[in-house]
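Participant: Before anything else, here's the structure in question.
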Amino acid sequence: MSARLRFLKPATRLARQTSQASRAFSCSASRASELNSLHTFTDEENMLRESVQRFAQDMVAPKVREMDEAEMMDRGIIKGLFEQGLMGIETSADHGGAESSFTAAIIAIEELARVDPSVSVLCDVHNTLVNTIFRKYATKEQQDKWLPQLAESQLGSFCLSEPASGSDAFALQTRAKKDGSHWIINGSKMWITNSYEAEIFLIFANVDPSKGYKGITCFVATKDMGIQIAKKEQKLGIRASSTCTLNFDDLKVPEENVIGEVGQGYKIAIEILNEGRVGIAAQMVGLAQGAFDKSVPYTYERKQFGQPIGTFQGMAHQIAAAAVDIEAARLLTYNAARRKEEGKNFVKEAAMAKYYSSIVAQRVAGSAIEWAGGVGFTRETGIEKYWRDSKIGAIYEGTSNIQLNTIAKFIQKEYS
């Protein structure tokens, strides 16, 4: 406070302070009017949402049950994803992509998951992990070679997890040894998404175990180089999404196929999984919304004791609470996506979004079965599939406990 203001009479000083506060509030209100809600999207993002909704309903929905029971992704669905431009959402137009936002990718993942989470995760891993690694860490020559293929026709796979390194990803045992102008890779990977249908693989291997995680390096390889599909897993949920064990026996990879620098693989994996977790959160939000959309209308059609079961207070409150849960998870997810786009730190927000969305997906999908009663328990309605698919949300791309550890570290740093 200035000396002049300090010595004014109380009434005069109060009037001055009130005037200054009013001006400050007026400026703040003006700035606030320019801010947008988390449900504000660009015209391009809105058009993408509508396009994905049509594709999901027209092309995916008729094949969901068949793919789930066959435990196999329909090749026509994959082809359709490429034709719709959904496999290179953030990729530049020069490389055949849509050159859209990260939030656009999140929207696509969410909308696909409302119909089939298996198709959603295929699109998610391809966009948020595989494409992003090439966009952020590859040389221009590598981008020119690989990104057009990934945008137009070739499915990608991210190969990090191993039998002895799940949550502890940097304990991986796959090795790469330099041999002239090539690297020779030996080892195996487990739980690898998209691997049955993929043609392009990002493989993490250690070139110098004496350096620990600082020896981990990222390589790009193609299936025809000799990647072996050892086992295709039979799973509780997301059955149409392939999850395989891969073997590398003297896999020969050209030295120009190193992504980033030798020994930089650990940094690539850490940074990229943060983005991937926002994608998984979007998948779980879409899944919860899909289960909600299938079950709630039934509660207003099914009558007992002379009225729709959805109008009984007990049921109505459950439905209302589920709607709140879905919206909260969606806003956490959109917030993490926008923070990433704005260049802000989003690691904690990504962990929060993934953690909470996976809880909501399980809770809402489980309730949706109960709301539909015996009908919900049958496979014919497809409601029970959402619950089966929801269980993976708490496991892949970092378990729920890993997310809580991440969040806790930020809290400890802030308050200790």
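The values are calculated or read from the model by the stated rules, or taken from the named source; none is laboratory data. All of these numbers come straight from a predicted model, not from anything done at the bench. Cβ: placed from backbone, ideal geometry, glycine included. Neighbour counts: every protein chain shown. Each accessible area value is taken on the protein alone, full model and side chains, heavy atoms only, with ligands, DNA and RNA left out. Shrake-Rupley method; radii C 1.70, N 1.55, O 1.52, S 1.80 Å.
Participant: Test of the criteria: in the range 221-304, which GluC sites (Glu not before Pro) are in a DSSP loop and have at most 13 other Cβ atoms within 10 angstrom of their Cβ?
Facilitator: Values: sites: Glu233, Glu255, Glu256, Glu261, Glu271, Glu275, Glu301; in loops: Glu233, Glu261.
Taking the range 221-304 and a limit of 13 other Cβ atoms within 10 Å, the loop GluC sites (Glu not before Pro) found are Glu261.
Participant: Residue by residue, what Karplus-based ³J(HN,Hα) values in Hz, rounded to whole numbers, does the range 50-60 have, using 6.51, -1.76 and 1.60 with θ = phi - 60° and x for Gly and Pro?
Facilitator: Here the 3J(HN,Hα) series is 5, 5, 5, 4, 5, 4, 5, 6, 7, 9, 8 Hz.
Participant: Using a 10 Å Cβ count of at most 16 others and DSSP loop calls, identify the longest part of the chain lacking such chymotrypsin sites (Phe, Trp or Tyr not before Pro). Numbers along the way, then the final one.
Facilitator: Working: sites that count: Phe7, Phe305, Phe312.
Maximal segment without exposed cleavage sites: 8-304.
Participant: Go through the range 374-416 and name the GluC sites (Glu not before Pro) that are in a DSSP coil and have 16 or fewer other Cβ atoms within 10 Å of their Cβ.
Facilitator: On the way: sites: Glu380, Glu384, Glu397, Glu414; in loops: Glu380, Glu397.
Hits after loop and neighbour filter: Glu380.
Participant: Next up: In the chain, with Lys and Arg counted as +1 and Asp and Glu as -1 at Cβ, which of these residues, Ile216, Asn274, Ala108, has the Cα nearest the positive end of the dipole, that is, farthest along it?
Facilitator: Farthest towards the positive pole: Asn274.
Participant: Give me the percent of the accessible area of the chain that comes from carbon and sulfur atoms, probe 1.4 Å, all protein chains in place. Kindly include the intermediate steps, with their values, before the conclusion.
Facilitator: Values: 10190 of 19320 Å².
Looking at the chain in its full context, I get 53 percent from C and S.
Participant: Output the Kirkwood hydrodynamic radius of the range 266-415, Cα pairs only, in Å rounded to one decimal. List each step's numbers first, then the result.
Facilitator: Values: mean 1/r = 0.0615 Å⁻¹.
Roughly 16.3 Å, rounded to one decimal.
Participant: How large are Rg and Dmax for the range 75-144 when calculated on the C-alpha trace, in angstrom?
Facilitator: In Å, with Rg to one decimal and Dmax whole: 11.9, 38.
Participant: For Gln313 and Glu99, calculate 0.36 nm times their separation in residues minus their Cα-Cα distance, and state this gained length in nm to one decimal. Kindly include the intermediate steps, with their values, before the conclusion.
Facilitator: On the way: separation 214, 0.36 × 214 = 77.04 nm, distance 4.76 nm.
Between Gln313 and Glu99, full extension yields 72.3 nm more.
Participant: Looking at the range 323-371, which GluC sites (Glu not before Pro) are in a loop (DSSP not H, G, I, E or B) and have at most 14 other Cβ atoms within 10 Å? It would help to have the intermediate numbers written out before the result.
Facilitator: Details: sites: Glu327, Glu341, Glu342, Glu349, Glu370; in loops: Glu342.
Of the GluC sites (Glu not before Pro), the ones in loops of the range 323-371 whose Cβ has at most 14 other Cβ atoms within 10 Å are Glu342.
Participant: Over the chain, with the other protein chains present, what is the accessible area per residue in square angstrom, probe 1.4 angstrom?
Facilitator: Details: 19320 Å² over 416 residues.
Per-residue accessible area for the chain comes out at 46 Å².
Participant: Using a simple charge model, +1 on the beta-carbon of Lys and Arg, -1 on the beta-carbon of Asp and Glu, nothing else, what dipole does the chain show about its Cα centre, in debye to the nearest 20?
Facilitator: With Lys and Arg at +1 and Asp and Glu at -1, about 2160 debye.
Participant: Output the Kirkwood hydrodynamic radius of the range 38-178, Cα pairs only, in Å rounded to one decimal. Spell out each step's value before the answer.
Facilitator: On the way: mean 1/r = 0.0616 Å⁻¹.
Across the range 38-178, the inverse of the average 1/r is 16.2 Å.
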